[in-house]
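S.K.: Sharing a structure here in structure tokens format.
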Amino acid sequence: MSISARLAELGIELPAVAAPVAAYVPAVVHAGLVYTSGQLPFTDGALPATGKVGADVDAADAQAYARTCALNALAAAADAAGGVDRIAGVLRVGGFVASVPEFSGQPGVINGASEVLGEIFGDAGRHARAAVGVPVLPLDSPVEVEVTFLLA
């Protein structure tokens, strides 16, 4: 099954590629891979929430935002690669969670990204990953996700 057909089956419509907020491009293709820049959970050009997980944002909401970040990353990768069906799988996910010092649930938050990529790509969505707590992210976003995809 093609990735576009799988997305349709799941009822997932990829968002428009988010405009960069600084001096970078959303994704770069190199040597059979697509590297995405860190993606924030933009929805219709706006962040759904700001602040720290464990204080201003609860972990369940942050997990949903990580899912949005992953879909934004897939949209950026598809745009750079010439279409979503050129994406064959996921190699690595890097997840950043702006959180209070006592919050230790970063892996659960970034599961939002990992799980949706698994739903879309099946076994080809299994990936290496980092989930890191940080004091602040761009625009005071609670989460940021970068993904390295494999080309078909």
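S.K.: Could you tell me how many of the residues in region 112-152 are closer than 13 Å to LYS52 by Cα and touching a Cys at 6+ places or on another chain (Cβ under 8 Å)?
M.R.: 2
S.K.: Listed residues VAL134, VAL145; which is at pLDDT 95 or above, in contact with a Ser or Thr (Cβ under 8 Å, 6 or more places away or on another chain) and closer than 19 Å to ASP61 by Cα? Lay out the reasoning, then the answer.
M.R.: Details: VAL145 fails: in contact with a Ser or Thr (Cβ under 8 Å, 6 or more places away or on another chain).
Every option except VAL134 fails the conditions.
S.K.: Taking the stated definitions as given, is THR43 farther than 21 Å from ALA124 by Cα and under 13 Å from the mean Cα position of the chain (by Cα)?
M.R.: Taking the combined requirement at face value, the residue satisfies it.
S.K.: Tell me which of these VAL53 doesn't satisfy, since it passes every other one: (1) open to solvent by 50 Å² or more (accessible area, probe 1.4 Å); (2) hydrophobic (A, V, I, L, M, F, W, C); (3) modelled with pLDDT of 95 or more.
M.R.: (1)
S.K.: Additional query: Looking only at residues in region 106-144 that are assigned to a loop (DSSP other than H, G, I, E, B) and open to solvent by 30 Å² or more (accessible area, probe 1.4 Å), which one is farthest from LEU40 (Cα to Cα)?
M.R.: Only one residue fits best here, namely ARG126.
S.K.: Got a sec? Which of ASP44, ASP58 is open to solvent by 60 Å² or more (accessible area, probe 1.4 Å) and farther than 25 Å from ALA23 by Cα?
M.R.: Among ASP44, ASP58, only ASP58 is open to solvent by 60 Å² or more (accessible area, probe 1.4 Å) and farther than 25 Å from ALA23 by Cα.
S.K.: Related question: Only residues that are under 16 Å from ALA75 (Cβ atoms) and open to solvent by less than 70 Å² (accessible area, probe 1.4 Å): list them for region 30-41, please.
M.R.: Matches in region 30-41: VAL34, THR36, SER37, GLY38, GLN39, LEU40, PRO41.
S.K.: Taking the options VAL17, VAL29, VAL97, name whichever one is in a loop (DSSP other than H, G, I, E, B), among the hydrophobic types (A, V, I, L, M, F, W, C) and touching a residue at least 40 places away in the same chain (Cβ under 8 Å).
M.R.: VAL17
S.K.: Taking region 49-103 as the search range and keeping residues that are closer than 15 Å to ILE12 by Cα and among the β-branched types (Val, Ile, Thr), which one is farthest from the chain's Cα centre (by Cα)?
M.R.: VAL84
S.K.: Here's something else I'd like to know. Consider only pairs whose beta carbons are under 6 Å apart and that are at least six residues apart or on different chains; among these, list those whose first residue lies in region 78-92 and is more than 18 Å from GLU146 (Cα to Cα) and in contact (Cβ under 8 Å) with a residue 24 or more places away in the chain and whose second residue is crowded, with 18+ Cβ neighbours inside 10 Å and of a type outside the set (S, T, N, Q).
M.R.: Qualifying pairs under 6 Å: ASP85/ILE3.
S.K.: Among the residues of region 32-58, which ones are β-branched (Val, Ile, Thr), within 28 Å of VAL100 (Cβ to Cβ) and not in a loop (DSSP other than H, G, I, E, B)?
M.R.: As a first pass, look at region 32-58 and keep what is β-branched (Val, Ile, Thr): 34, 36, 43, 50, 53, 57.
Filter once more, so that each one left must be within 28 Å of VAL100 (Cβ to Cβ): 36, 43, 50, 53, 57.
Result: THR36, THR43, VAL53, VAL57.
S.K.: How about region 1-37: which of its residues are at pLDDT 95 or above and among the β-branched types (Val, Ile, Thr)?
M.R.: Answer for region 1-37, where residues must be at pLDDT 95 or above and among the β-branched types (Val, Ile, Thr): ILE3, ILE12, VAL17, VAL25, VAL28, VAL29, VAL34, THR36.
S.K.: Related question: Anything in region 12-27 that is farther than 13 Å from LEU74 by Cβ and open to solvent by 70 Å² or more (accessible area, probe 1.4 Å)? List them, or say none.
M.R.: ALA19, VAL21, ALA23, TYR24, VAL25
S.K.: Can you pull out every residue in region 123-147 that is more than 20 Å from ARG92 (Cβ to Cβ) and not aliphatic (A, V, I, L, M)? So that I can check it myself, show each step before the final result.
M.R.: Of region 123-147, the ones more than 20 Å from ARG92 (Cβ to Cβ) are 135-136, 138-142.
Selection gives PRO135, PRO138, ASP140, SER141, PRO142.
The values are calculated or read from the model by the stated rules, or taken from the named source; none is laboratory data. Everything numeric here is computed off the predicted structure, so don't read it as measured data. Note: ideal-geometry Cβ built from the backbone for every residue, glycine included; neighbour counts use all protein chains shown. In case anyone asks, the SASA skips ligands and DNA or RNA and just uses the protein heavy atoms, side chains included. Shrake-Rupley method; radii C 1.70, N 1.55, O 1.52, S 1.80 Å.
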